Structures are given as C-alpha cells and as structure tokens.
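Input: a single structure, listed below in structure tokens.
Since every read-out is calculated from the coordinates, none of them should be taken as a lab result. Predicted model, so just to flag it, every value in this text is computed and none were measured. Cβ: placed from backbone, ideal geometry, glycine included. Neighbour counts: every protein chain shown.
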Protein chains: 4
Amino acid sequence: MRPEHEIKLRVRYEETDTMQVVYYAKYFVWFEVGRMELFRNLGLEYRRWEERGLRIPVVEAKATYHASAKFDDEILVKTRIAKVGNTSLRFENEVYRLPGKTLLCDGYTIHVLVNSRGKPVEFPREIAKKLSPS
Amino acid sequence: MRPEHEIKLRVRYEETDTMQVVYYAKYFVWFEVGRMELFRNLGLEYRRWEERGLRIPVVEAKATYHASAKFDDEILVKTRIAKVGNTSLRFENEVYRLPGKTLLCDGYTIHVLVNSRGKPVEFPREIAKKLSPS
Amino acid sequence: MRPEHEIKLRVRYEETDTMQVVYYAKYFVWFEVGRMELFRNLGLEYRRWEERGLRIPVVEAKATYHASAKFDDEILVKTRIAKVGNTSLRFENEVYRLPGKTLLCDGYTIHVLVNSRGKPVEFPREIAKKLSPS
Amino acid sequence: MRPEHEIKLRVRYEETDTMQVVYYAKYFVWFEVGRMELFRNLGLEYRRWEERGLRIPVVEAKATYHASAKFDDEILVKTRIAKVGNTSLRFENEVYRLPGKTLLCDGYTIHVLVNSRGKPVEFPREIAKKLSPS
C-alpha cells in the first residue's frame, strides 16, 4: 500500500488573480505543501534531508485543471507516493473543493534525489523503507 | 509558420528558494509572461480579450526541468503557439539561461476560450486569423 | 476590548529565498491570512463584503523584522483590530516562531472601506458593531 | 547626490488578485527589483556580496498606496539610496503607472549588513564609497 496523506488549506487572497479564481501555478505550491506533510507523516521531515546534504529537486511537473477555486474556499490536497525508483520519486496529487469534494485539479511531480554537489544518489535504506512500506 | 516570441527576464530574489535556485512553480509564471508578450506581439493584447468578456483559463500545464536558474541570472523565455483548435489553444515554452543558452526548462500550457459565464466558445474570426497566420 | 485572533501556519518552501529564510514580503501575506481569519471569527467573512460590493484595500502597510523564519518552522500570527474609523480600519500583527514564541516580525496595515466604484464609504452599522464591540 | 535608478516593469497576471488590481505585497517585490538594479548600476551586483559572505536582510519595510495598478500596466520603479549608516542602508522607492506617471505607491526599506554568521558588520570601504559617492 502506497503512503498517502490529506491536508486541508484555505485559499489565500494572494493566491487569486484578475480572473477571481486561484492562479494556475499556485496548485504546484499546494502540491509542495502536500508532499512535505506526507513526508512529515512518514517520519521523514524534509528539513532533516537537507541537514544531511540531500535534496529532491523537481524534474517534471504536470497539472490538469477541472474546476476553479475562489478566495476563501476550503480545499483538500491529497498526496500519494506513486512510484519509488533507486534515485527518483513520483508523487500524485488531487485537489478538491470542500464541502462536496469537487475535483479541482490533479497532477504529479517527479523528483530526483541528489547530494550536496547535485549528483543523483540512491535513497538511504531507512528512507527507502519508509517510502515503500511494502 | 507558427507565431512565436522571445522575452528576456532577470531572476528576482523573490523567485528563489532555500535550495538557492528558482522555485519550480515560478517557471509557470514565466510561461504566462511569455504568452502575454506573444499576444501583444500579435496585436492581441490579453486585456482586450477580458474587456470583451473572453478569457482563456489553463486546463493543462506541464514543465520538465533540465538545469536550475539562480538569483540574478538572465533568462530567455521562448513561447510559440503550437496548436489552435476551435475553442482551445496550446502554447509551448522553453526557458534558457543567458549567455550560452543552456536549456533550463521546457513545457506547455493548454487553454480553452470561455465567455463571461465560463462556457467554451469559438475564437472570433479576427483572433483566429492572427493565431494561425498560415 | 479589541477583537483579536491567532492562527498557526507552517512555513512553505515557496515562501523562502536564497538567504534560506522567509522572503520579507511574505509576512504581508501572513498578515492578510491573519486579518481574514479574524474577520471570519467575528462573523464577518470577507467574501460576504465583496458580495455586497464592499472592499477594503490597503492604504498603508509596515513591518519590522526581528528574527528570521526558516522552511518548515511553525509560526503564530496574532492579529488585532487596533482602530476603527468611520471609513478606515487599522490592524496590528505580530508573527512568532513556535515553540518558544520568539518574535519574528510585527507590523500593521491600514485599510479604507470603498464601494464598487472605489469611493470611500462608512461601515454599515452591523459591521461597525462587530469591529468595535465595546 | 544620492545614487538612484529607474526601471520599467510590466504587471504580470500572477501579481494581481480578486480585486483585479496588484496585490499589496507585490510592491515590495518591485522595491527589491529596484534596489537590485540600482546595485548593478553602481557596479555592486548583489550576488557578488553573497559570494563574499555578506548579506543585507530587511529590518523594516513600509509602503503607502495611492492608486492601484492593473494587469498589463507598464510601471516605473524609482529607487534611491536615502541613507548610508556604518552597518545600515535605507532605500526609498516610488512606483508610477506609465504613461502619465501617476504615483501608485511609495515606501522604503531599511537593511543591515551582516556577515555569514548574521552579525552586523561595517560596509567594506570600496562598497561604502560607491553607496555614498559625493
């Protein structure tokens, strides 16, 4: 079973634009919040990775937009680890409007684990175990 | 021949993050700047669309990241209209670091033309003509 | 007694910059979140104002920075209504790092109530009552 | 005579909000762009400071808003060095809408020069000379 996590957020005025809905790039910020909270939930707080000289930059990101969110909407961000490679990681996200759970956006991000010189490295065993609990 | 346009930008401090490179979602902001400037260049300033009650929300967006940009880097954003449907539009973008033209990111956005009630509508003839000059 | 409200937030990766701390302008976004939650808490959700054609643009904003926040820090945003004029409103904010309540930033914003044509107007009586309960 | 510099920017869609004008915190991003360009103009590119372990975090920031900017407006950001202390620096900014030079916003930021451990330090002589030319 793949690790997954849900988090509720409230749309900020700053996240909206002249169309009076959430600006499209902001969904990627919410994807980021979702994966950071998923990490925390697995006992893998991301700032601990950075303290060890590990980082996971994004190499690919995609979003498909189904409906729009407005200021002050309460939203639900669902994040799951969809694939763990030797040096890569794929998250999948859905963003829903609450209540009613209207799907607003879904998408994914792919990351590569790199060391402090930016070279791809394999996941340390204890991290890999938590990412793929088998 | 497809309409295309280039614009130079300078990386803002605000656009960077703790990894000391540009935050991944900011590339979508640059894609937006690129397509707005392409519209202007075609004599199709986007605010005129909004004044007529037309909008082109994003329905799909993707980026692939090849190298990172740092604060103060000068970058080149290339934008081209890759496909014009009856009610939809696809832009393709590349972002390069200058000088040297290292490819940092490429991606696309797909948009649907909607009226003021959010209903998809066909491109007015004079707009369609400028989008696909053939 | 002046209405006040507290809200906890988690620093997003997107909110940090190359200095590896929160970018200075982001505190104003948190001030915004603080005042919107204070409004909600008073039964004065801001989107109801906009539905009535009322808006409260910022006319002055100031922040003083005492210490910096890092990615993933938990912070506390305190917001209070410091002054209610006939057509204006002053909020005061403090942002603390948790746990320990280190003061990171304090500041204020001043707003003017305007109607849909941007003209300053007096607070409707039932809103004024909630803003200055005395 | 105090060093000063002007830069033209175009309002990005991302910088606007539900009120269909520029979000108030974005002016501080423009102030940042203004001072970075002023530094460049003085031969003091800020990234060179960071390479030497020097940084100038903001300790105080204020803006007063006079009129609003909309998407696609062309704006002029004026920045001047208003005061140079032993370890501190004050910038003043005005933001105008073009053409016509309507004043939209003015404000200031105060900075302290710190070393890599965050301790305030005096400006190196060759930097001080360029900041206060007279």
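Its alpha carbons give the protein assembly as shown an Rg and a Dmax of 23.3, 70 Å.
Relative to the Cα centre, the charge distribution of the protein assembly as shown, modelled as +1 at Lys and Arg Cβ and -1 at Asp and Glu Cβ, gives a dipole magnitude of about 0 debye. When each of the peptides C:91-104, A:22-35, A:111-124 is scored by the mean number of other C-beta atoms lying within 10 Å of its residues, the order from highest to lowest reads A:22-35, C:91-104, A:111-124. Separation of the alpha carbons by more than 22 angstrom is noted, of C:Lys62/D:Lys129; A:Lys62/B:Lys8; A:Lys8/C:Lys62; C:Lys26/C:Lys130; B:Lys26/C:Lys26, for C:Lys62/D:Lys129; A:Lys62/B:Lys8; A:Lys8/C:Lys62; C:Lys26/C:Lys130.
Just name one of C:Pro99, C:Leu9, C:Pro57: the one whose Cα is farthest towards the positive end of the charge dipole of chain C (beta-carbon charges, Lys/Arg +1, Asp/Glu -1). Looking along the dipole axis, the top candidate is C:Pro57. In plain terms, if you count all Cα to Cα distances in segment B:4-131 and split them into 10 Å steps from zero, the share in each step is 13, 42, 28, 15, 2 percent. Peptide B:23-36 has a mean shielding of 6, counted as Cβ atoms of other protein chains within 10 Å of each residue's Cβ. Distance from the C-alpha centroid of segment B:36-112 to that of segment C:82-129: 38 Å, rounded to the whole angstrom.
Extending 7 Å from Cα along the Cβ direction at B:Asn115 and again at D:Leu103 yields two label points whose distance is 4.5 nm.
Between the Cα long axis of helix A:26-41 and the first principal axis of chain A there is an angle of about 50°, rounded to the nearest 10. Got a sec? Charge dipole of chain B, +1 on Cβ for Lys and Arg, -1 for Asp and Glu; which of B:Leu38, B:Pro133, B:Val22 is way out at the positive end? Result: B:Pro133.
From helices alone, the protein assembly as shown scores -6500 deg cm²/dmol at 222 nm; the rule is -39500 (n - 2.57) for each run of n ≥ 4 DSSP H residues, then divide by the residue total. How high is the FRET efficiency from D:Thr64 to A:Ser132, r the C-beta distance, R0 56 Å, rounded to 0.05? E between D:Thr64 and A:Ser132, to the nearest 0.05, is 0.55.
Within 10 Å of the Cβ of each residue in D:75-86, the mean number of Cβ atoms contributed by other protein chains is 0.
Across segment A:4-131, Cα pairs under 8 Å and at least six residues apart give a relative contact order of 29 percent.
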